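Take a look at the structure set out below.
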Amino acid sequence: ALLIIYNREGEIEAFIPVEYWTFEVFLKHKNKEFIAELQKYKGEKPDLKTKEDVDEIINHLKDKIYKVSSVEIKDRLRNPIAPYTTSKLQQAASTSLGFNSSKTMQIAQGLYEGVSIAGESTGLITYMRTDSVRISPVAQEQAREFIKKEFGENYLPAEAPSYSVKKNAQDAHEAIRPTNVFLTPDSVKEYLKNEQYKLYKLIWERFVSSQMLPAKMKNTRAIIVAGDCEFSVSSSKIEFDGYLKVLTIDKGDKEKASKMPNLSKDEICEFIENNPQQHFTTPPPRYNDASLVKVLEEEGIGRPSTYAPIIRTIIARHYVQRKGKQLVPTELGKLVNELISENFPELAIKYPYLPSLL
């Protein structure tokens, strides 16, 4: 884990930014303004590296007519996601709640061991150290009963969904789920600390939504042509919310907000102004708890029970320090990493993220 963090720091230090541009235009259709993005120039994907490249596009577009060449509407299904494993819970809690991996596991331990509800200790979640997405038939039936009662049969699939377990998973425990789906987050909120409530809500919603029907989306994409330039504008609308009815985390990701008007083939759009934007490539981000746990899982480093202790240990030994949410190697960590790489070269060979530093 230290090697991975150290190598990412080397990538960041060696990174050289590269300039590039994106190009959009503001258009109007029936008094509704919208933005269209340049997709092709002279039949190819535009490679705008300098201001001169952008100026060529602007000059080419002078006095051109913006005409809708096609409108494509596609229906697609957005499928629910499997219940949480340990690594996925740690990643979600980091991204959505700002919890580090140790904090997540500490709170989950409390929810598993039991919370006093109306004077009785009640374990709210199943075992929280697992690499499996398997759900017991009893839990699936209970979830189906709850969904039918709360949302109606039109949210219930004909059969309980199943999710594939990874080949290298031990599959010793079920996925992390509520022990009783009828104990909704709001029904037990008064008995929980705020952080317990947030994590329980995350687990409960993920499990219940995983047993529901997919959401039905309507995606619309219009192509607008002006001279040798091809622009696109798109929108996404929820036709049937399905499992998204339960999820409240990341609501903004459910439906792509768009000012796209109702466009038809061969209609003319009014040009308002160009909107070129200069950018520079950015170095890969430093690891945080979520992204490091993801890599540890992908590389087969550690087990669900060791992800949080690994991070906790390298911080406690001052090999790594937190800067905000980022994990940054210290001078001591760099020295230790160099010594390990020299004396245990098989580790450096196995994880050659940046061989030039080793």
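Cβ-Cβ distances below 6 Å connect the following pairs, each with a first residue in the range 12-24 that is touching a residue at least 40 places away in the same chain (Cβ under 8 Å), a second residue that is of a type in the set (A, V, I, L, M, F, W, C) and open to solvent by less than 80 Å² (accessible area, probe 1.4 Å), and a separation of six or more residues or different chains: Trp21/Leu48; Trp21/Val54; Phe23/Leu38; Phe23/Ile57; Glu24/Ile35.
Filtered by the rule that a residue be without any contact (Cβ under 8 Å) to a residue 40 or more places away in the chain and of a type in the set (D, E, K, R), the range 115-155 gives Glu120, Glu141, Glu145, Lys148, Lys149, Glu150, Glu153. Scanning the range 209-250 for residues that are in contact with a strand residue (DSSP E or B) (Cβ under 8 Å, 6 or more places away or on another chain), hydroxyl-bearing (Ser, Thr, Tyr) and open to solvent by 10 Å² or more (accessible area, probe 1.4 Å) gives Thr220, Ser232, Ser234, Ser235, Ser236.
Any residue that is part of a strand (DSSP E or B), surrounded by fewer than 16 Cβ atoms within 10 Å (Cβ to Cβ) and not aliphatic (A, V, I, L, M) - is there at least one of those in the range 54-63? Looking for residues that are part of a strand (DSSP E or B), surrounded by fewer than 16 Cβ atoms within 10 Å (Cβ to Cβ) and not aliphatic (A, V, I, L, M), one finds none in the range 54-63, hence no. Of note, Ile314 satisfies the criterion of being assigned to a helix (DSSP H, G or I), crowded, with 20+ Cβ neighbours inside 10 Å and not polar (S, T, N, Q). Within the range 241-263, the residues that satisfy the criterion of being modelled with pLDDT of 90 or more and not in a loop (DSSP other than H, G, I, E, B) are Gly242, Tyr243, Leu244, Lys245.
Quick check: is even one residue across the range 56-71 in contact with a helix residue (DSSP H, G or I) (Cβ under 8 Å, 6 or more places away or on another chain) and farther than 30 Å from Leu292 by Cα? The answer is no; no qualifying residue exists. There is no residue in the range 74-85 that is surrounded by fewer than 12 Cβ atoms within 10 Å (Cβ to Cβ) and either among the small types (Gly, Ala, Ser) or in a helix (DSSP H, G or I) (or both).
No other residue among Gly324, Gly300 is free of Cβ contacts under 8 Å to residues at least 60 places away in the same chain and within 23 Å of the chain's Cα centre (by Cα) apart from Gly324. Here the range 2-53 is the region considered, the condition is being open to solvent by 40 Å² or more (accessible area, probe 1.4 Å) and among the polar types (S, T, N, Q), and the residue that is farthest from Ile224 (Cα to Cα) is Thr50. Residues of the range 264-309 that are in a helix (DSSP H, G or I), open to solvent by 50 Å² or more (accessible area, probe 1.4 Å) and of a type in the set (S, T, N, Q): none at all. Answer yes if at least one residue in the range 159-176 is more than 23 Å from the chain's Cα centre (by Cα) and within 12 Å of Ala143 (Cβ to Cβ), and no otherwise. Scanning the range 159-176 turns up at least one residue that is more than 23 Å from the chain's Cα centre (by Cα) and within 12 Å of Ala143 (Cβ to Cβ).
May I ask you to verify whether Phe146 is farther than 22 Å from Ala92 by Cα, modelled with pLDDT of 95 or more and within 27 Å of the chain's Cα centre (by Cα)? In short, no.
The values are calculated or read from the model by the stated rules, or taken from the named source; none is laboratory data. Because the structure is predicted, anything quoted here is derived from the model rather than measured. Don't worry about glycine lacking a Cβ; one is built from the backbone with ideal geometry, like all the others, and counts go over all protein chains shown. Areas reflect the complete protein model, heavy atoms only, side chains present, ligands, DNA and RNA absent. Shrake-Rupley method; radii C 1.70, N 1.55, O 1.52, S 1.80 Å.
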